Amino acid sequence: MNKGKNLFAASFLAPGLIVFIGFIIIPIIMNFSYSLSEWDAIGSPEFIGLKNYIDIFTNDPGYWEAAKNNLIIVFFAFIVQNPVAFIIAWLVTRIRRFSKAYQSVFFLPVVISTVATATMFYIMLNSDVGVISKFLAMLGIEYAWLSDPKVVLVSVIAPQLWQYLGIHFIMFLGGIQAIENDVLESARIDGASTGCLLWRIIVPLSWPSIQMSLIYTFIGCLKTFDYSYIMTKGGPGNASSFIATILFKEGFMKNHYGYATAIAVTIFVYSLVFTLIFKTVTKKMDLN
Amino acid sequence: MHKAKVCKAAIYFVLSILFLVNLFPFWWVLNTSFRDNTAVFTNTLGLPDSLNFENYIKAWDIGNFRQYFVNTFITVALTLLICIIFASMAAYVSARIWKSVFLYGFLSLGLMVPTHVLLIPEKVILQTLNLTQSRLGITLVYIAVNFSFSFFIIYTSMLTVPKELEEAAAIDGASRVRTFFTIVLPIVKPGLATASVMLCYTAWNEYLLPLCIVTNNNLKMLSQGLNELKGQYGMDYGLMTAGIVITVIPIVLIYTFLQKYIVAGVTSGAVKG
């Protein structure tokens, strides 16, 4: 009987396992292996140890300019996008009518292809005839949004934060709605003001959703590529590039496979380290 | 009490403004897609004179969107079918037969891994297997990339299948395969639905992945096609917005009817790597 069970399990597991190992596990190993070699897509990889990584950390100002941009988008996501999403979620929990309609519209941008939204903003930010440029110009804010190095980063970051606000909104909505009404009621009866209620009770009690949002934000911002590539190709220079942009340029435009895979590894490591540190810190906090 | 009413009104007001501001870009794109480009440049916000589909026809033919749409549709459909079947089979084994934490962890590894780490290796693998110009090769990569997430979602659903049902089926003489298809799968339908909708949405919208592994013009996806349209017709706003609408319509349709599955998938806690 057991043999039949094991045979069945093995054959049911096999198809998925084979595709998974062949196209996920093996590529991961390949990536690490290539990152330790010099390979420009011609001939075969030549082992050079950690030289690619050393070059990244000592010899590549473009990478660090891009990394700085990643930090900038993370920063604005944390202090603008997420709090705004939280407040909107909280407002939606305070009303009864049209709630579903608001939710649908706030979440809608999330499901739209990034190429579609990036192209949309590319058109709308066109210096001469773009709807948004013209509107801002009316308010006295006039810039070459897609070519002036001083503002390209804004042009590339703002639309993304707009698009993904909906995800955090939904997460926070779930987190706030999970708070039991009794807790809120008794606080109100005790005379808590709205601000106090929000800050002292709702925020701490929606902590699980805030955690999910923070991890999602950091890892998402770490991987960002589409918007800058589509709107400005990362330029001018590297002004609106992100680490993934550098990866693409090195790996798929210059064919520096070895170097590019090393960059990919840095992205992977950053996300692992962040998740590890975050989980450790929050575990300590939860215990308190 | 009066204060509470004013508060409520203010909240509705703020939410409504945000609602309209959020919808504005979509309205503008849709509106512009029906207009003649010269009209767009004279008055950005004007309504079209008539419901004219010229831009859509142009995008479909000259812009090659017909090919891109078909490519994306076939790839996503094949990926959906194969990935969901493979993932549910693996989830069944993992949740109900070989209940090892290592197996579960191993198959979920894909959740932690950013696609960026797979780009160059996939390209090399496809070149080695001589599959770069084949839909099969591209679909295999898509399946793999969506596997862990589908597995994770369906696995969670699998845990809710009552053991008694499987045992009863075994006693009744049903083969394991039949039990899987006729008893287990129907019970995990919500998980299947969430995994399927999420897969459609992610796979349809993929950009970086096809950008790196699909170089044959006849196999390119809508996302690539839209960006390339910009190269030649970037200033033809009517055409560009029509392209955007074509790219976006299937997902908006899925969203309209199946929103709850996307929300469930996004809040499942499986931060997609």
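The values are calculated or read from the model by the stated rules, or taken from the named source; none is laboratory data. Given the structure is predicted, the values throughout are model-derived calculations rather than measurements. Cβ placement follows ideal geometry from the backbone for every residue including glycine, while neighbour counts extend to all protein chains displayed. Accessible surface is based on the protein model in full, side chains and every heavy atom, while ligands, DNA and RNA are left aside. Shrake-Rupley method; radii C 1.70, N 1.55, O 1.52, S 1.80 Å.
Roughly how many debye, to the nearest 20, is the charge dipole of chain A about its Cα centre, given +1 on each Lys and Arg Cβ, -1 on each Asp and Glu Cβ, and no other charges?
Charge dipole, chain A, about its Cα centre: 780 debye, nearest 20.
With θ taken as phi - 60° and the coefficients 6.51, -1.76 and 1.60, list the Karplus ³J(HN,Hα) couplings across the range A:211-221 in order, rounded to whole Hz; mark glycine and proline as x.
4, 4, 5, 5, 4, 4, 4, 4, 5, x, 5
So how much accessible surface do A and B hide from each other in total, probe 1.4 Å, in square angstrom to the nearest 100?
7900
For A:Glu38, enumerate residues with amide H under 5 Å from its amide H, sequence gap 5+ or separate chain, H modeled in the peptide plane.
The answer is A:Glu46, A:Phe47, A:Ile48.
Using a loss threshold of 10 Å², tell me which positions in the range A:202-241 are less accessible in the complex than in their chain alone. Probe radius 1.4 Å, ligands and nucleic acids ignored.
SASA drop of 10 Å² or more in the range A:202-241: A:Met212, A:Ile215, A:Tyr216, A:Ile219, A:Lys223, A:Phe225, A:Asp226, A:Tyr229, A:Ile230.
When the Karplus curve 6.51 cos²θ - 1.76 cosθ + 1.60 is applied with θ = phi - 60°, which whole-Hz ³J(HN,Hα) does each residue of the range B:42-51 get, with x for Gly and Pro?
Taking θ as phi minus 60°, the curve returns 6, 9, 4, 9, x, 7, x, 5, 8, 6 Hz for the range B:42-51.
Could you check which residue among A:Leu17, A:Leu36, A:Leu165 shows the biggest mean-square fluctuation in a GNM of chain A with a 10 Å Cα cutoff?
A:Leu17
Could you work out, residue by residue across B:28-34, how many beta carbons of other chains sit within 10 Å of that residue's beta carbon, and then give the average as an integer?
Average per residue, whole number: 2.
Taking accessible area as the heavy-atom solvent-accessible surface of the protein chains with a 1.4 Å probe, which residues of the range A:245-265 lose no less than 10 Å² upon going from the isolated chain to the full protein assembly?
Buried by 10 Å² or more upon assembly, which counts only protein chains, are A:Leu247, A:Phe248, A:Phe252, A:Tyr257, A:Thr261, A:Ala264.
Roll a 1.4 angstrom probe over the protein heavy atoms and tell me the percent of accessible area of chain B that is carbon or sulfur. Before the final figure, lay out the partial values.
Details: 8240 of 12160 Å².
In chain B, the share of accessible area belonging to carbon and sulfur is 68 percent.
Computed on alpha carbon atoms, what radius of gyration and Dmax characterise chain A, expressed in Å?
23.6, 79
Using a 1.4 Å probe, how large is the accessible area of B:Val188, given in Å² and rounded to the nearest 10?
0
Once the Cα gyration tensor of the protein assembly as shown is found, what semi-axes does its equivalent ellipsoid get, as square roots of 5 times the eigenvalues, in whole Å, sorted largest first?
Calculated on Cα positions only, the semi-axes equal 36, 33, 26 Å.
Per residue, how many Å² of accessible area does the protein assembly as shown show with a 1.4 Å probe?
45
For the range B:153-273, what relative contact order do you get, as a whole percent, if you take Cα pairs closer than 8 Å and at least 6 residues apart?
Reported relative contact order: 28 percent.
With all distinct Cα pairs included, what does the Kirkwood hydrodynamic radius of the range B:64-267 come out to in Å, to one decimal, could you say? Before the final figure, lay out each step's value.
Working: mean 1/r = 0.0539 Å⁻¹.
Here the Kirkwood hydrodynamic radius works out to 18.5 Å.
Tell me the carbon and sulfur percent of the accessible area for chain A, rounded to whole percent, probe radius 1.4 Å.
66
Please compute one quarter of the surface area of the Cα convex hull for the range B:1-97 and express it in square nanometres.
Taking a quarter of the hull surface, the average projection is 13.5 nm².
Among the listed pairs A:Lys223/A:Lys279; B:Lys163/B:Lys260; A:Lys134/B:Lys8, give every one whose C-alpha distance is greater than 22 Å. Present the calculation step by step, with values, prior to reporting the outcome.
On the way: A:Lys223/A:Lys279 20 Å; B:Lys163/B:Lys260 28 Å; A:Lys134/B:Lys8 34 Å.
Distance filter (> 22 Å) returns B:Lys163/B:Lys260; A:Lys134/B:Lys8.
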